[in-house]
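See structure below.
The values are calculated or read from the model by the stated rules, or taken from the named source; none is laboratory data. All values reported here derive from a predicted model rather than from experimental measurement. Here the Cβ is made from the backbone with ideal geometry for all residues, glycine too, and neighbour counts use every protein chain on show. To get the accessible areas, we keep the full protein, side chains included, count just its heavy atoms, and leave off ligands, DNA and RNA. Shrake-Rupley method; radii C 1.70, N 1.55, O 1.52, S 1.80 Å.
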Amino acid sequence: MTRTRAYRDGVLHKEGFPVTAVSDFLAEPGTAVWVDLCAPSEADLAELADELGLHRLAVEDAVQEHQRPKLDRYDGHAFLTAYAVRFGAPGDHPVTTELAVFITPRALVTVRKDDGFDIEAVTRRWDQAPDLAGAGVPFLLHGLLDYVVDGHFEAVQVLDDEVEALEDLVFDDRPDTAELQRRSFRLRKNLTALRRVVAPVPDVVASLMRPDLKLADGTTRPYFEDVHDHARQAAEHTEALRERLTTVRETQLNLQSDRLNLIMKKVTGWAAVIAVPTAVTGFYGQNVPYPGNGTTLGFWVSTVVMLVLSVGLYTLFKVKDWL
């Protein structure tokens, strides 16, 4: 599936034309062209590569999956790889969609590995900023990167909410240890997957703003700097979430240790209280004469001694916060 657009002098001139007409539009002064391909093969890209003079290695990278986010420079064009991220229902794993972009002085080519990338949202951003359309390819590239980075920021916010919920769960009176461990492990996996596609983006955007690429001029530089700032915030937030998750795990282990110590302290205290009646009954169970031996008075004396000593120990332990 292919989509095309041509902007002339900052105005959308035509869309939906065949790829073979790209060179005809590029022959017209003041024209910028956008071509979008969804899940193409290397043979599908060959025709467009001939039209735009794309490097063979860049074409190979565009059709191969699991490329890292990067910016490669070739003679006459640049090649960009990035990932869009989205979450489904809360608690799901992040869904990443790989995107390859060819950047030439007057043409932008996007290659989607599947239809998971919402290209309609990108075109709506372009349509909502007609005042920048006169910039040509930088205008198209900014709208695309702005949508991708906003998706990264939203994904980080989703995980931030999950980490906050996990932090609250740690301090429950009776926390579910198995649930805590399960959610911590899932969050760590999600953060690792998100970091893999988010962390390199600030460097990629910074490389796009280099003067020799002529993409960020006086008009578009503030917009690229805004995207770079958002990308940097998303990357830093991801690192902060990793540290918070580590802290949650350490806090959980410390709380478990404290609860275990408290339980052991209480068990020891009750054992001491119970030991007093045992000692008294053992003493009165001696086979030797003693005051009150064989009389009712002896029973009541031993009972009173057990109660007094047990209550005294219980009170002492309560005052010392051992029970």
With every protein chain left in place and a probe of 1.4 Å, what is the accessible surface of Asp50, to the nearest 10 Å²? 130
Principal axis lengths of segment 38-84 from Cα atoms, whole Å, largest first? 27, 24, 15
So what's the net charge close to Arg182: Lys and Arg +1, Asp and Glu -1, counting the other residues with Cβ under 12 Å from its Cβ? +2
Give, to the nearest whole percent, the P(r) tail of segment 82-125 beyond 17 angstrom, counting all Cα pairs. 42
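Tell me the per residue accessible area of the chain using a 1.4 Å probe; a whole number in Å² is fine. Write down the numbers at each step before the final one.
Values: 17210 Å² over 323 residues.
Value for the chain: 53 Å² per residue.
What whole-number value in cubic angstrom gives the convex hull volume per residue for the C-alpha atoms of the chain?
Per-residue hull volume (Cα only) is 184 Å³.
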Inter-site label distance for Gln181 and Thr281 at 7 Å from Cα along Cβ, in nm: 4.0
How much accessible surface area, in Å² rounded to 10, belongs to the heavy atoms of Ile103 with a 1.4 Å probe? 10
Take the Cα atoms of segment 153-194, find their three principal axes, and give me the spread along each one in whole Å, biggest first. 33, 15, 8
For Arg68, Arg174, the accessible-area ranking with a 1.4 Å probe, largest leading, is Arg174, Arg68
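Give the carbon-plus-sulfur fraction of the accessible surface of the chain in %, rounded to a whole number; probe 1.4 Å, heavy atoms of protein chains only.
Reported share for carbon and sulfur atoms: 56 percent.
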